[in-house]
Amino acid sequence: MTAHPAGGRSAHRRPARSRPRRARGLAGWLFVLPALAFYAVFVLRPVTLTFQYSLYDWNGIGASTWVGLANYGKVFTEPDLFDSLVNAFQLIVFFSAVPVVLGLAIAATIRRIAASRLALVARTVLFLPQVIPLVAAGIAWSWLLASTGVVNQLLTLVGLGGVTRAWLGDFATALPAVGMIGAWVLLGLCTLLLLAGMSKIDPALYEAARLDGAGPWREFVSITVPSLRQEIAVCVTVTVIAALASFDIIYIATQGGPGNTTMVPGLQIFYLAFSEREVGTASALAMVLMLLVIACALPIQWFAKDGNK
C-alpha cells in the first residue's frame, strides 16, 4: 500500500474546499447584482450626468456651451444662490437641534411612565406627523400661521395681540416659522428613536446610580445620554440631511418668500432648472448641496463610531 504524505493530502483537498467557497461568493454577488444595477442606473448615472451638466451653460433644450467651473463660481458669488445655502444651515438649528434636544427630554419622561396609558397616547400623537404627507402638513400650518389663523387668535385671546403677524409672510419670522414646522415634523421620529435606544439600557445602571445617591438629572446626564450615542448620531444625521435638502414644506408654505427669505437650495434648484432654464447652474448647485450633505454626515458617523471603541 502506498503512503501519501500529509502535505499531499491537504494539497489535494484545497481545490475541493475552495470550490464551494467560490460558488457561495458567486451566488452572493448574483443576489446583490440587481440592487447594484438599480443603484447604478438610478443613483450613480444621475449624479454623473448632473456633474456633466454643471460644466455647461445649457437651457435644457438647445445647444450647450462649455463653461468649466464657472457655474460653481456663480453658486458662491451670486447672493441669491449663496444665501440659499446660508438659509439651509440656519434651518439645521430648527430641524436638528430642537427635535433632538426636545426628543431626549420627552423620551426620558415617557420612559418613566412607560407602564401608563399616557405613554402609549404620547408615542402615538408624537409620531402622527411622520404619517401625514408633508404637503398636507405645509397647507395646514399655512392656515394656522396666517394673519387670521389659529395661532394669532390664541395670542389675541391671552392678551398678546400686539405680537400677532403673518408669521410666514414677515421677513423677520418667515424662516424661523418654517423651521418650527420642520421641528414639529421631525420631533416624533427623534423621540421614538431615542426611546427605543433607552429601552436597551441596562436597568442595573440606574439602580446603581440611585444607590450612590444620584438624582434624575444625574442619571440622565451620566447614563442616558452617553448610552444613546449611536441613536443621537442617527437622529442628528437624519435631521441635518432633512434641513439641507428641505423642499416640500417650504414650497407649499412660502415658495421661498417673502423675497428670498426662506429660499433653500432644493427650491432654488427647482426654480433655476424649470423656471429660468439655467440647467448648468442648477446642476452645479445640486452638486454643491450633495457635497455639503456628505461633509456634514460623515463627521457625525465617525463621531458615533469613535464613541463605541
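For the condition assigned to a helix (DSSP H, G or I) and surrounded by 17 or more Cβ atoms within 10 Å (Cβ to Cβ), what is the one hit in ALA196, ALA204, ALA208, ALA282?
It is ALA282.
Quickly run through the range 188-218 and pick out the residues that are within 15 Å of the chain's Cα centre (by Cα) and polar (S, T, N, Q).
Once the filter is applied, which keeps residues that are within 15 Å of the chain's Cα centre (by Cα) and polar (S, T, N, Q), the range 188-218 yields only THR191.
Residue under question is LEU267, and the condition is that it be within 12 Å of SER84 (Cα to Cα) and in a helix (DSSP H, G or I); does it hold?
The answer is yes for LEU267.
List, please: which pairs have Cβ atoms under 7 Å, are six or more places apart or on different chains, and start with a residue in the range 288-307 that is farther than 28 Å from THR50 by Cα and end with one that is in a helix (DSSP H, G or I) and of a type outside the set (A, V, I, L, M, F, W, C)?
ALA304/ARG229; ALA304/GLN230; GLY307/ARG229
Would the range 248-264 turn up any residue that is assigned to a loop (DSSP other than H, G, I, E, B), under 21 Å from ILE294 (Cβ atoms) and at pLDDT 90 or above?
yes
Could you grab me the full set of residues in the range 131-164 that are assigned to a helix (DSSP H, G or I) and closer than 17 Å to ILE252 by Cα?
LEU134, VAL135, ALA136, ALA137, GLY138, ILE139, ALA140, TRP141, SER142, TRP143, LEU144
In a helix (DSSP H, G or I) and either more than 21 Å from the chain's Cα centre (by Cα) or more than 23 Å from ALA97 (Cα to Cα) (or both): which single residue out of VAL185, VAL221 fits that description?
Exactly one residue qualifies, and that residue is VAL221.
Counting just the residues of the range 102-120 that are modelled with pLDDT under 85 and aliphatic (A, V, I, L, M), which one comes out surrounded by the most Cβ atoms within 10 Å (Cβ to Cβ)?
ALA119
Let me confirm something: among TYR206, TYR271, TYR251, which residue is touching an Asp or Glu at 6+ places or on another chain (Cβ under 8 Å) and aromatic (Phe, Trp, Tyr)?
TYR206
Return the residue satisfying two criteria in turn: it lies in the range 34-76 and is β-branched (Val, Ile, Thr) and part of a helix (DSSP H, G or I), and of such residues it is farthest from GLU276 (Cα to Cα).
This residue is VAL41.
Residues checked against (1) closer than 14 Å to GLY179 by Cα; (2) among the aromatic types (Phe, Trp, Tyr):
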residue	(1), (2)
PRO226	no, no
ILE232	no, no
VAL236	no, no
ALA243	yes, no
ALA253	yes, no
GLY266	no, no
PHE270	no, yes
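Being of a type in the set (Ser, Thr, Tyr), touching a residue at least 24 places away in the same chain (Cβ under 8 Å) and closer than 30 Å to GLU219 by Cβ is the filter here, so list the residues in the range 80-116 that pass it.
SER96
Just to be sure before I move on: is ALA242 of a type outside the set (Asp, Glu), modelled with pLDDT of 90 or more, within 22 Å of GLN230 (Cβ to Cβ) and surrounded by fewer than 23 Cβ atoms within 10 Å (Cβ to Cβ) in the structure I sent?
Yes, satisfied.
Out of everything in the range 157-178 that is of a type in the set (A, V, I, L, M) and closer than 14 Å to GLY256 by Cα, what residue ends up being surrounded by the fewest Cβ atoms within 10 Å (Cβ to Cβ)?
Per the stated criteria, the residue is ALA172.
Does VAL135 count as β-branched (Val, Ile, Thr), out of contact with any Leu (no Cβ under 7 Å at 6 or more places or on another chain) and farther than 30 Å from GLU207 by Cβ?
Yes.
The values are calculated or read from the model by the stated rules, or taken from the named source; none is laboratory data. In this text, all values refer to a predicted model and were calculated from it rather than measured experimentally. No Cβ is skipped: glycine too gets one built from the backbone with ideal geometry, and neighbour counts run over all protein chains shown.
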